[in-house]
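Okay, structure first, notes after.
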Amino acid sequence: MAVGIGVNSWVWTSPFTTESLGLLKKAAQMGFDSFEIALEDPSHVDGSRVKEAIEATGLIPVVCGAFGPSRDLTHEDAAIRTESLNYIREAVKLCKAWNAKILCGPMYSAVGKRRHVSPDQKKIEWALAVKGLKQAGAIAADHNVVLAIEPLNRFETDLINTCEQCVRLVNEVGSNSVRIHLDTFHMNIEENSIYEAVKLAGKSLAHIHACENNRGTPGTGLVDWKGLARGLREVGYSGQAVIESFTPECKAIAAAAAIWRPLARTQDDLAANGVKFLKPLLNA
């Protein structure tokens, strides 16, 4: 089965709103198979209009979660943990409405939460992540949605950096609705081998972010794309591989992702050249 190639709305804009729906038509015209909606705030979108746009283009929808400081399943404040679950619940409801089968992202903790903590504190936060993801997994299962859990590099989280850690987390959660999401940008920093990481994820791999090492156009940098392609073939992956990048024009998201310069001549070039590179590579 073929690997679908997708693009994340963050390539062009932040936040994604109802006014951003023209991006789906653009993505379809570029030859993408799927469109990943970065859902920073569910109140920013008219769910019915998004559904209409998805159906009009025929793109496969994916929802990417946004996990800022108030969305942290490992937080010591129970109110923050509750807010995190409420956000996941709203995102899952939109997935159901849009027929999106995947909600992806680092939903165990807030992005940017990186500290040197004691082993005892790490155990406490790990246990909270497992507990929270069990609750979130039950919500997802009720809506026929899979939560795809993403390791991030050491500069963005201190909890889950590698596929090995993510496998352990997902196994402890023990839900068919909680699986693994790997991103080549983070893998290029943290893994010894992209190929081996994909193989380790195996049948638990539910989603891929196909990103260059500098967040630029896939195929122009240092990522081991051949290793990725080989690994995906060997584990029988047939989901989506989505380009996630960011524009420096969106100041808040650019600051969060440390995007200080343009990564391509235009964002359209980044997307269009990326899909041309990835489609034959991942479907050879």
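The values are calculated or read from the model by the stated rules, or taken from the named source; none is laboratory data. Computed from a predicted model, the values in this text were never measured in an experiment. Positions of Cβ are generated from backbone atoms using ideal geometry, with glycine treated the same way; all protein chains shown enter the neighbour counts. Ligands, DNA and RNA are excluded from the accessible area calculation, which covers all protein heavy atoms including side chains. Shrake-Rupley method; radii C 1.70, N 1.55, O 1.52, S 1.80 Å.
Go through the range 164-181 and give me each residue that's of a type outside the set (D, E, K, R), touching a strand residue (DSSP E or B) at 6+ places or on another chain (Cβ under 6 Å) and outside any loop (DSSP other than H, G, I, E, B). Quick ask: steps written out before the conclusion?
If we filter the range 164-181 for residues that are of a type outside the set (D, E, K, R), which is where we start, we get 165-167, 169-171, 173-178, 180-181.
Still in the running and touching a strand residue (DSSP E or B) at 6+ places or on another chain (Cβ under 6 Å): 166, 170, 177-178, 180-181.
Cys166, Val170, Val178, Ile180, His181, listed by residue number.
Filter the range 170-204 down to the residues that are among the acidic types (Asp, Glu), open to solvent by 40 Å² or more (accessible area, probe 1.4 Å) and in contact (Cβ under 8 Å) with a residue 40 or more places away in the chain and list them by number.
Glu172
Quick check on the range 262-283. Is at least one of its residues closer than 27 Å to Tyr108 by Cα and either open to solvent by less than 30 Å² (accessible area, probe 1.4 Å) or polar (S, T, N, Q) (or both)? Can you show your working first?
First pass over the range 262-283, keeping only residues closer than 27 Å to Tyr108 by Cα: none.
No, every residue in the range 262-283 fails to be closer than 27 Å to Tyr108 by Cα and either open to solvent by less than 30 Å² (accessible area, probe 1.4 Å) or polar (S, T, N, Q) (or both).
Let's see how each residue does on (1) touching a Gly at 6+ places or on another chain (Cβ under 8 Å); (2) farther than 23 Å from Trp12 by Cβ; (3) surrounded by fewer than 19 Cβ atoms within 10 Å (Cβ to Cβ):
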| site | (1), (2), (3) |
| --- | --- |
| Ala206 | yes, yes, no |
| Ala210 | yes, no, no |
| Thr220 | no, no, yes |
| Lys226 | no, yes, yes |
| Leu232 | no, yes, no |
| Val235 | yes, yes, yes |
| Gly239 | yes, no, no |
| Glu244 | no, no, no |
